[in-house]
Amino acid sequence: MTATGTQQISVRPAGAADAAAIARVHITSREAAMPWLPPRRRTDAEVERWVREVVLDEADVWVAVDPGGAVLGYAAVEGEWLEHLYLLPGARRRGIGSLLLARAKTHRPDRLDLHVFQRNTDARAFYARHGFTEVDRSDGSRNMEREPDMTLRWNPVTNGTPTDG
């Protein structure tokens, strides 16, 4: 999968060698896009270990890379859940998130759910543009940040009626 523009961006499956780059994307993206989150409790090394031992082990993960192979973003799907979709701040608004989301939808063509913080209006607008609708809201008791969140769902229409997933 590639995007055209000033450069070619490709999406490929992630591997163990991508753990440090994915951790850097995760940390940098969250800090830039959600400065209102509580301070991080994990060190960079702990985030990298979490990516290597949990994310890459338990989810299907893809990275968006530039022509030189630098990781610009990643998406992780576990079951019917889009657990993570993060981009480096400089990679936003270039179609890269859409490429990663398209890959996740291809992987889970019948349904895809995700959690998003209620205050993350940019992400909420992005997912709405891609056909996600709100399923529920939470007061934050279900996430480690204790930040009010929402469940969104992409549920494509088949034969005129939504699938049940």
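Only the coordinates and a few stated rules stand behind these numbers; no lab work does. Since the structure is predicted, the reported quantities are computational estimates derived from the model, not experimental observations. As a convention, Cβ positions derive from the backbone with ideal geometry for all residues, glycine included, and neighbour counts pool all protein chains shown.
Quote the relative contact order of the stretch 39-165 in percent (integer), defining contacts as alpha-carbon pairs under 8 Å separated by 6+ residues.
Working: 172 pairs, mean separation 21.1, N = 127.
Once normalised by length, the contact order is 17 percent.
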Only Lys, Arg (+1) and Asp, Glu (-1) charged, at Cβ; the chain dipole about Cα centre in debye: 540 debye
- prompt: Can you pull the three principal axis extents for the Cα set of the chain, in Å, largest first?
  reply: 44, 38, 29
statement: Of the candidates A23, L99, W50, the farthest towards the positive dipole end of the stretch 1-123 (Lys/Arg Cβ +1, Asp/Glu Cβ -1, centred on the Cα centre) is L99
- prompt: When the helix-only estimate is applied to the chain (DSSP H runs of n ≥ 4, each -39,500 (n - 2.57), divided by the residue count), what is the mean residue ellipticity at 222 nm, nearest 500 deg cm²/dmol?
  reply: -8000 deg cm²/dmol
- request: Once you've got the GNM for the chain with C-alpha springs shorter than 10 Å, pick whichever of A17, A70, A59 has the biggest mean-square fluctuation.
  value: A17
query: What's the exposure ranking of W154, W62, W50, going from fewest to most Cβ atoms within 10 Å?
result: W50, W154, W62
task: Could you go through the stretch 77-83 in sequence order and give the Karplus-derived ³J(HN,Hα) for each residue, using 6.51 cos²θ - 1.76 cosθ + 1.60 with θ = phi - 60°, rounded to whole Hz, and x for Gly and Pro?
output: 10, 10, x, 8, 10, 7, 6
field: Long-range HN-HN contacts of Q118 with modeled amide H, under 5 Å
entry: D149, M150
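Hey, fewest Cβ within 10 Å first, where do T133, T151 land in order?
Numbers: T133 12, T151 17.
Ordered from fewest to most neighbouring Cβ atoms within 10 Å, T133, T151 come out as T133, T151.
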